[in-house]
Every structure is written in C-alpha cells, then in structure tokens.
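Colleague: Provided herewith is a single structure, encoded as structure tokens, for subsequent inquiry.
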Amino acid sequence: MNLEERKKIIMDIMKDKHYTPMKFKELAILLNVKKEDRKDLDFVLSELMDEGKIMLSKRGKYSIPKEQYVEGIFIGNERGFGFVETDSEEEDYFIPESDVNGAFHHDKVLIAVNPTRTGKRKEGRVIKVLSHEITEVVGFFQKNKSFGYVLPDNKKISSDIYVAGKDALGAVQGHKVVVKLTNYGTKDRKPEGKIIEILGHANDPGVDIMSIVKEYDIPAKFPPEVMEQVSGIENEVSEAEKEGRLDIRDWQTVTIDGEEAKDLDDAITLSKDNGIYTLGVHIADVSHYVKENSPLDKEAVKRGTSVYLVDRVIPMLPHKLSNGICSLNQGENRLALSCIMKINEKGTIVDHQVVETLINVDRRMTYTAVNEIVTNKNPEVMAEYSEFVDMFNMMAKLSKILRERRYGRGAIDFDFPECKIKLDEKGYPISIEPYDRNAATKIIEDFMLAANETIAEYFYWQQVPFVYRNHDKPDEDRMKALATFITNLGYSIKISKDEVHPKEIQKLLSKIEGTPEEAMISRITLRSMKRAEYTPECNGHFGLAAKYYTHFTSPIRRYPDLQIHRIIKDCINGRMTEKYKEHYKSILPQITKDCSVFERRADDAERDTEKLKKTEYMRSRIGEEYVGVVSGVTSFGVYVELPNTVEGLVHVSTMADDHYIYDENTYSMTGERTKKTYKLGQVVKIRVEGADKISRTIDFSMLQ
C-alpha cells in the first residue's frame, strides 16, 4: 500500500460522522498497526499535518481541523502585508502584516483561512512556511561600521537583509550586489545573507539592467561545456549536410525583419500560378545543430527563450549559432525546415508539405523598406529593390486575404503601440517613441500565423505527441465585469450561454479604434483574458479563434519551436516509432510547463527594464508639461499615459482643488464641490513632478 492510499484510509476514518478525536495509540489500535510498524503511521500522520489536512490538539488527539487550510505562494508587499495565490482559485488571500509570521516573498506557505462575510475579500494567516523559492536577492548595499544591509530592488521583499562584515565581499556604500540568503528571518528578526557578487556601482552604465537580469535569475553567460560544443560547429553548410534536402536555392527568397535584428530565423518565398499562391515559410533548422540532451540543448532548456531587453539581448543560443550558421543571412547557404502552402484566392490552404530544405536568401529586407514599397510606393526604394517589387506587392495582397479570413472567423487583433527606447553610449535614454505596426510587419505576422496553424492541425491529426500554444476562453466573471465596465463608457459586448465569442471582442476593438479610450479599453480587455501557454494538449487558441495552434517559426529564440522541429523531423523521416512517442509523452509535460514559466519571466524582465528607462528618461523632464490620456482611475489617483507610452500617476493627495470621490462602477473620480470628473479615455494636461528610479514610478500633477 503506497503513501497516498494510507493517507486516504486515515482521512476517511476522521471524516466519518461517528469519529471522535483520538490519540496516536488509539489510532494505531483502531487501524490494527503493530508496534514495530507504528513509525510508518507516525510518518503518514505527520505528512497529513504538514498538508493541513489534519491537526493535533494540545491533548495529543488527531482530528480534521475546523479551520480550512490552503497551500499557496506568498506574494509580499513593501508595507509588510501580503497575499497568497493558489492554483485552484482565481482570487488570492489577503494576509495582514500581523499574520505574515515570517513568510518571505515567493515562499510556498500553508495558511488558515479566516471566516469572512459574503462579498468581503478572503483573508488568511500563515501557519507554516513549506519551502523557500528565492535564494538570492539583488539590491543596494548600505554600509555600517562593522556590518551592512542590502536594500532589495524587489519592493515585494519588505525587509532589508543583514550582512555581517566578514560576508560583505568588500562591497562599499552604493554598490549593487547579489546577496545569498542564509537565514530568512522571523517575525522579529531580519533576514541574513552573504554577498556573492558585486555588479558595480549603482550609477555605472548597464548595472541597472544587469540588476534586473540577476533579480529574475536569467542566465547571462554560457557555461564552458556549451561554448566548447559550439566551437566544433562549422560556419558553413557542408556538402554532406546538403544531401537528402529539397534544394530551393533558386527560389526568390527574402527575410523581412527590423533594422537591428541579427537572429534571422524565418525566410519567405511566394509565387502564384493559375489562381493558387505557393507560400513558403522557411525556418532555420536549429535542431540540426542542437541535439537533444547535448550541453547546448540542456542550456537552452534552462533559458526557454531569448530575452530582449532595452540595451541587450540575452540569447537562448550562443551568438555563433543565433547570429551565424542558424541565422538565414543573405547570400549564405542555410539549412531550413519549410512549410510550403498552396493557398487559393479566398485564403483557404488547400494543400501543404513540410520538408527539410536547402535555401539561400537573395535579400535581407527591413520592415521599413518593404512598407515604403507596398504602402508608400516610394520610387527610390522601388528602384533599389526593383526585382522584388512584384513579389512584395503579391505578399501584401495575400497578407490581406489571410487577415480578412482570420478576422471573418473572429480572431482578435490587439494593436498596442509598443515603444522604442533609444539609449546613448552610457545607457541613458535619449528618446522614447511609439513603434507602430505597418503593412510589412503584418505580412510577416500573417504568414507566420498561417504556417503555425497549418503545422498544428496537420500534426494533431497525425496523433503524435506535440507542443501546442493554447489560449483558453476567458472566465465568465471577468467577461461580465468587462461588459459592465464598457457599458458605462457607451459600448457593449454580447455574452451568450455564460461565455463570449472572440468575434464580440473583435467587434468591440473595431468600435473603439481611433478613439481616445482605445488603448485603455484594449488593455483592460486583454487583462480580462487568460494568458496563452504551452501544453502537450491541443485546446485551441481563443484570441486567434483557431482550433489548432502552435509555435513553429522561431526555434532560434523559443525552445518550444525547437522541440517541435525535432518531433516534425522524426515524423517526416520515419523515426516516430512507439519508442519515440513514449519518449516525447514523458518529457513534454514538464518542458511545456517550464517554457510557459520562462516566457513569463522574460516578459516581466522586459517590462521592468522598459519601466526603468522610462523613469530615468522622465527624471530629466521634471517640471515639463504634456497632454495625455487618462489610462486608469483608482481610489488613490488617476493614471495618465502620454503619446510616447510613458505612464504616470496623479495621486489624489495632490488634487488639492477639491475632495474627489472614486466610483468603482464607472472607474471615474468626481470632485464633491467642483463636480469636476476624471474618467478613462479623457484627454488631460499634466506636469511631471517626480520620477523614482528605484520604485520605477512617475508622478504627475493635473493642470486641468
């Protein structure tokens, strides 16, 4: 009998209405456990107590606790209180400062749920810390006479960390450091640690970004065994590697990327004959060079994705691969895995093939240049790329056909203005500008989506283990809350049978296009949805209104794509035996889970570096006045977003002209005396009052 079966027997006994609390010996007799086996019973009871499923009274009797116990992750707050997030519940639990009981940010904890009245926020108190996730903290070193403190960059860690003089590694006042925790502290005692790395002085160029890299525990350097493996990889495709591949080097082939891109992992070909387009999406054959369980592969698994920060890229693969032999550089023979699709004039993919290919890119194009051709018809640019103009125009036409077909089924297109932050040689931000999508970026988006869907559907019906990119339907409560919110702004969405069709979201986004509240409603709508994730199961993609979806097109920078390439190549080369299927079935659940986690880590790090540089940019603009749009209204103030995507807070305490009352139903704030109202989407004039680089926050004041 295994442990879980033994736990169930004990739980069933204690849940029985006739059970009365018993001591250990009484339970042993009831269960007919021999004296020599009672240590096993003690272990099972201890496990159940650790899980909060049973309790031991002061009199030594075991029973089901009257309180409800829940396991979760503790999320700290700089003011001392915290929250506990659980896997099974949407709403988290509030933990008052007096009930944190020494829990550290991101600890796995067991909490007792406090009884609450209906409609009130759920609360709890930490009973036990089950495990610590954070082992190292990045922060600012503050030196005392014989010791020091590290003030954490992560403000969710509410306490500074004591460092004895012998453990300071020579750090001086103002250094940014990495401190390894040796003691997590208690309710009445600070955490302790020893410094293991000095990143540099807080004002040194690049130290601020590296602090974020370290804070998120993103691997920045490749270990020696990885670099040794890379050194043995040739810089050119050999004659032996060309064998057995479809040679399409004579097809007119281009890459289209941003000006600064160096890891070019997708190339495009397009032709048309008898009303049928032949679209080739050719993806770098990274899996040819990165073999499963090799040092390169093990490191790529640990990274999960490349991380694109404001001043640097932390690649998933070393530059010799990502910018070299795996990058589809102009004029170079390259190995590719191609999805070649036959598409009719209605946008239906009527046939396709997936094949290993040998390609040679004719021209490395930029989004700017292609847009100048297909949108602006710039004669100089058209003359420079004269032999490609017809193909680019054909691409624009097919792109529109595919997009309209996708929109026709209800796919949602969130068009947020991303920003481009330019830095000087010292890492200081000199400009922040919105980076808008154009016809060229949409061409690549539409073609990559077509390939991803084609691959996902084909291999789903092959009934082989696979990696899918799923986006689940939104929760009913969140959609109802969104419907209520937009109703107050004069918009509506139709919810039928307690769920919303993506077409309704699409209609809403069409209605708000070009309005002052567009960005704000788009963001709130996006937050109302679930996050896309990788799984071995195919559950569909709500946002794309697609039954089948995967990520096939970026194996240089995303591990799921690399894993998919291996599976595809095993299939098309006849290696997908039962043994291989069982192997993939065994590894994919953990790989997909880890990749989803690493993707979120990269997103968070990218967002934090942007916030950091935006704050630094606005520090030199204190006192300047701008026109912006109200992007959020809360009980403590009004958020305003400027045209360059910088967002700041007008705190209610600075709005001295009146006493403002917050209305949570309409997300608005109204003055009691003046009746002046601030609401989402409203155009306002502000002045920059402050910018705190440590907290990454910007303060505005209202001028109207």
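The values are calculated or read from the model by the stated rules, or taken from the named source; none is laboratory data. Only a predicted model underlies this, so the values are computations on that prediction, with no experimental measurement involved. Cβ sites come from the backbone with ideal geometry, for glycine too, and all protein chains shown count toward neighbours.
Colleague: Does Val597 count as out of contact with any Lys or Arg (no Cβ under 8 Å at 6 or more places or on another chain) and more than 30 Å from Pro516 (Cβ to Cβ)? Can you show your working first?
Modeller: Details: out of contact with any Lys or Arg (no Cβ under 8 Å at 6 or more places or on another chain): yes; more than 30 Å from Pro516 (Cβ to Cβ): yes.
Spelling it out, Val597 is indeed out of contact with any Lys or Arg (no Cβ under 8 Å at 6 or more places or on another chain) and more than 30 Å from Pro516 (Cβ to Cβ).
Colleague: Something else now. Name the residues in segment 519-547 that are within 26 Å of Pro643 (Cβ to Cβ) and among the β-branched types (Val, Ile, Thr), would you?
Modeller: Matches in segment 519-547: Ile521, Ile524, Thr525.
Colleague: Moving on. Among (1) modelled with pLDDT under 95; (2) β-branched (Val, Ile, Thr); (3) crowded, with 22+ Cβ neighbours inside 10 Å, which single condition is Ile443 missing?
Modeller: The one condition Ile443 does not meet is (1).
Colleague: If you don't mind, another one. Do you know which residues across segment 370-391 are of a type in the set (A, V, I, L, M, F, W, C) and either outside the structural domain of Asp263 (by TED's automatic domain parsing) or touching a residue at least 24 places away in the same chain (Cβ under 8 Å) (or both)? It would help to see each step written out before you state the result.
Modeller: If we filter segment 370-391 for residues that are of a type in the set (A, V, I, L, M, F, W, C), which is where we start, we get 370, 373-374, 381-383, 388-389, 391.
Val370, Val374, Phe388, Met391 - these are the residues of segment 370-391 that are of a type in the set (A, V, I, L, M, F, W, C) and either outside the structural domain of Asp263 (by TED's automatic domain parsing) or touching a residue at least 24 places away in the same chain (Cβ under 8 Å) (or both).
Colleague: Would you say Glu90 is in the same structural domain as Lys122 (by TED's automatic domain parsing), closer than 30 Å to Ser158 by Cα, of a type in the set (Asp, Glu) and touching a residue at least 40 places away in the same chain (Cβ under 8 Å)? If you could, list the steps in order and put the result at the bottom.
Modeller: Details: in the same structural domain as Lys122 (by TED's automatic domain parsing): yes; closer than 30 Å to Ser158 by Cα: yes; of a type in the set (Asp, Glu): yes; touching a residue at least 40 places away in the same chain (Cβ under 8 Å): yes.
Yes, satisfied.
Colleague: Which of the residues spanning segment 636-652 are at pLDDT 90 or above and among the hydroxyl-bearing types (Ser, Thr, Tyr)?
Modeller: Correct list: Tyr639 only.
Colleague: Please go through segment 177-213 and pick out each residue that is in contact with a Gly (Cβ under 6 Å, 6 or more places away or on another chain), among the basic types (Lys, Arg) and under 12 Å from Val150 (Cβ atoms).
Modeller: Lys180
Colleague: In this structure, is Ile521 touching a residue at least 40 places away in the same chain (Cβ under 8 Å) and in contact with a helix residue (DSSP H, G or I) (Cβ under 6 Å, 6 or more places away or on another chain)? Working first, answer last.
Modeller: Values: touching a residue at least 40 places away in the same chain (Cβ under 8 Å): yes; in contact with a helix residue (DSSP H, G or I) (Cβ under 6 Å, 6 or more places away or on another chain): yes.
Yes, satisfied.
Colleague: Given the options Glu533, Glu518, Glu537, name the one that is of a type outside the set (Gly, Ala, Ser), more than 20 Å from the chain's Cα centre (by Cα) and surrounded by fewer than 20 Cβ atoms within 10 Å (Cβ to Cβ). Before the answer, list the steps.
Modeller: Details: Glu533 fails: more than 20 Å from the chain's Cα centre (by Cα); Glu537 fails: more than 20 Å from the chain's Cα centre (by Cα).
After ruling out the rest, the residue left standing is Glu518.
Colleague: Do we have Glu624 as buried (at least 18 other Cβ atoms within 10 Å of the Cβ) and either within 24 Å of Leu423 (Cα to Cα) or not acidic (Asp, Glu) (or both) here?
Modeller: On the way: buried (at least 18 other Cβ atoms within 10 Å of the Cβ): no; either within 24 Å of Leu423 (Cα to Cα) or not acidic (Asp, Glu) (or both): yes.
Taking the combined requirement at face value, the residue does not satisfy it.
Colleague: For Asp263, work out the one condition from (1) surrounded by fewer than 19 Cβ atoms within 10 Å (Cβ to Cβ); (2) of a type outside the set (Phe, Trp, Tyr); (3) not in a helix (DSSP H, G or I) it doesn't fulfil.
Modeller: In the conditions (1) surrounded by fewer than 19 Cβ atoms within 10 Å (Cβ to Cβ); (2) of a type outside the set (Phe, Trp, Tyr); (3) not in a helix (DSSP H, G or I), Asp263 misses (1) alone.
Colleague: Which members of segment 306-365 meet the condition of being out of contact with any strand residue (DSSP E or B) (no Cβ under 8 Å at 6 or more places or on another chain), free of Cβ contacts under 8 Å to residues at least 60 places away in the same chain and buried (at least 17 other Cβ atoms within 10 Å of the Cβ)?
Modeller: If the condition is that a residue be out of contact with any strand residue (DSSP E or B) (no Cβ under 8 Å at 6 or more places or on another chain), free of Cβ contacts under 8 Å to residues at least 60 places away in the same chain and buried (at least 17 other Cβ atoms within 10 Å of the Cβ), then Gly347 is the only one that fits.
Colleague: Follow-up. Residues to consider are Ile493, Ile524, Ile564; find the one that is more than 18 Å from the chain's Cα centre (by Cα), crowded, with 18+ Cβ neighbours inside 10 Å and part of a helix (DSSP H, G or I). Break it down stepwise before answering.
Modeller: Numbers: Ile493 fails: part of a helix (DSSP H, G or I); Ile524 fails: more than 18 Å from the chain's Cα centre (by Cα).
Just a single option satisfies the conditions, and that option is Ile564.
Colleague: Are any of the residues in segment 182-192 small (Gly, Ala, Ser), surrounded by fewer than 21 Cβ atoms within 10 Å (Cβ to Cβ) and over 26 Å from Val100 (Cβ atoms)? Don't jump to the end; show me each part of the working.
Modeller: Taking segment 182-192 and keeping what is small (Gly, Ala, Ser), we get 185.
Cutting the leftovers down to surrounded by fewer than 21 Cβ atoms within 10 Å (Cβ to Cβ) gives us 185.
Checking which are over 26 Å from Val100 (Cβ atoms) leaves us with none.
Looking through segment 182-192, none of the residues is small (Gly, Ala, Ser), surrounded by fewer than 21 Cβ atoms within 10 Å (Cβ to Cβ) and over 26 Å from Val100 (Cβ atoms).
Colleague: I'd like the residue in segment 404-426 that is without any contact (Cβ under 8 Å) to a residue 60 or more places away in the chain and not acidic (Asp, Glu) and, out of all such residues, is nearest to Ile512 (Cα to Cα).
Modeller: The selected residue is Gly408.
Colleague: So which of Asp436, Asp477, Asp472 ends up being of a type in the set (D, E, K, R), within 26 Å of the chain's Cα centre (by Cα) and closer than 27 Å to Asp257 by Cβ? Write out each step before concluding.
Modeller: Working: Asp477 fails: closer than 27 Å to Asp257 by Cβ; Asp472 fails: closer than 27 Å to Asp257 by Cβ.
Sole residue among the options that is of a type in the set (D, E, K, R), within 26 Å of the chain's Cα centre (by Cα) and closer than 27 Å to Asp257 by Cβ: Asp436.
Colleague: Identify, please: which residue in segment 583-592 is in contact with a strand residue (DSSP E or B) (Cβ under 9 Å, 6 or more places away or on another chain) and surrounded by 14 or more Cβ atoms within 10 Å (Cβ to Cβ) and is, among those, farthest from Glu292 (Cα to Cα)? Spell out the reasoning first.
Modeller: Here is the first cut: in segment 583-592, the ones in contact with a strand residue (DSSP E or B) (Cβ under 9 Å, 6 or more places away or on another chain) are 588-589, 591-592.
Retained after the next criterion (residues that are surrounded by 14 or more Cβ atoms within 10 Å (Cβ to Cβ)): 588, 591-592.
Values: Leu588: 13, Ile591: 12, Thr592: 15 Å.
Per the criteria, the residue is Thr592.
Colleague: Another one. Between a residue in segment 187-201 that is free of Cβ contacts under 8 Å to residues at least 40 places away in the same chain and any residue that is part of a strand (DSSP E or B) and loosely packed, with under 14 Cβ neighbours inside 10 Å, which pairs come within a Cβ distance under 7 Å, given they are 6 or more apart or on different chains?
Modeller: Glu192/Asn183
Colleague: Out of the residues in segment 234-260 that are among the hydrophobic types (A, V, I, L, M, F, W, C) and in contact with a helix residue (DSSP H, G or I) (Cβ under 7 Å, 6 or more places away or on another chain), which is nearest to Lys143 (Cα to Cα)? Outline the logic, then answer.
Modeller: Initially, segment 234-260 is screened for residues among the hydrophobic types (A, V, I, L, M, F, W, C), giving 237, 240, 246, 248, 251, 254, 256.
Going one step further and asking which of them are in contact with a helix residue (DSSP H, G or I) (Cβ under 7 Å, 6 or more places away or on another chain), we end up with 254, 256.
Working: Val254: 57, Ile256: 52 Å.
Here the answer is Ile256.
Colleague: Here is a further query. Determine whether Asp475 is out of contact with any strand residue (DSSP E or B) (no Cβ under 8 Å at 6 or more places or on another chain), of a type outside the set (Lys, Arg) and under 30 Å from Lys679 (Cβ atoms). Quick ask: steps written out before the conclusion?
Modeller: Working: out of contact with any strand residue (DSSP E or B) (no Cβ under 8 Å at 6 or more places or on another chain): yes; of a type outside the set (Lys, Arg): yes; under 30 Å from Lys679 (Cβ atoms): yes.
The answer is yes for Asp475.
Colleague: Oh, and also: If you scan segment 546-561, which residues turn out to be under 16 Å from Thr535 (Cα atoms), of a type outside the set (Val, Ile, Thr) and either in contact with a Lys or Arg (Cβ under 7 Å, 6 or more places away or on another chain) or buried (at least 18 other Cβ atoms within 10 Å of the Cβ) (or both)?
Modeller: Step one: filter segment 546-561 for residues under 16 Å from Thr535 (Cα atoms), giving 546-552, 558-561.
Keeping just the survivors that are of a type outside the set (Val, Ile, Thr) gives 546-549, 551-552, 558-561.
Residues satisfying the conditions are Ala546, Tyr548, Tyr549, His551, Phe552, Arg558, Tyr559, Pro560, Asp561.
Colleague: Can I ask one more? Specify the residue that is farthest from Asn371 (Cα to Cα); the eligible residues are those in segment 245-260 that are assigned to a loop (DSSP other than H, G, I, E, B) and not hydrophobic (A, V, I, L, M, F, W, C). Reasoning before the result, please.
Modeller: Of segment 245-260, the ones assigned to a loop (DSSP other than H, G, I, E, B) are 245, 248-253, 258-260.
Now restrict to residues that are not hydrophobic (A, V, I, L, M, F, W, C): 245, 249-250, 252-253, 258-260.
On the way: Arg245: 33, Arg249: 25, Asp250: 25, Gln252: 19, Thr253: 17, Gly258: 12, Glu259: 13, Glu260: 16 Å.
Here the residue is Arg245.
Colleague: Go over the candidates Pro429, Pro502 one by one and state the one that is in contact (Cβ under 8 Å) with a residue 60 or more places away in the chain, out of contact with any helix residue (DSSP H, G or I) (no Cβ under 7 Å at 6 or more places or on another chain) and over 29 Å from Lys569 (Cα atoms).
Modeller: Details: Pro429 fails: out of contact with any helix residue (DSSP H, G or I) (no Cβ under 7 Å at 6 or more places or on another chain).
The match here is Pro502.
Colleague: Further question: Out of Met394, Met448, which single residue is in contact with a strand residue (DSSP E or B) (Cβ under 8 Å, 6 or more places away or on another chain) and surrounded by fewer than 17 Cβ atoms within 10 Å (Cβ to Cβ)? If you could, list the steps in order and put the result at the bottom.
Modeller: Details: Met448 fails: surrounded by fewer than 17 Cβ atoms within 10 Å (Cβ to Cβ).
After ruling out the rest, the residue left standing is Met394.
Colleague: Of everything in segment 496-515 that's within 25 Å of Gly628 (Cα to Cα) and assigned to a helix (DSSP H, G or I), which residue is farthest from the chain's Cα centre (by Cα)? Break it down stepwise before answering.
Modeller: First, the residues of segment 496-515 that are within 25 Å of Gly628 (Cα to Cα): 508-515.
Those left that are additionally assigned to a helix (DSSP H, G or I): 508-512.
Values: Leu508: 25, Leu509: 23, Ser510: 26, Lys511: 28, Ile512: 26 Å.
The extreme case among them is Lys511.
Colleague: Here are some conditions: (1) of a type outside the set (Val, Ile, Thr); (2) part of a helix (DSSP H, G or I); (3) touching a residue at least 40 places away in the same chain (Cβ under 8 Å); (4) surrounded by 15 or more Cβ atoms within 10 Å (Cβ to Cβ). Tyr580 meets all but one. Which one does it not meet?
Modeller: All conditions are met except number (3).
Colleague: Exactly one of (1) of a type in the set (Asp, Glu); (2) more than 27 Å from the chain's Cα centre (by Cα); (3) at pLDDT 90 or above is unmet by Asp208. Its number?
Modeller: Status for Asp208: all satisfied but (2).
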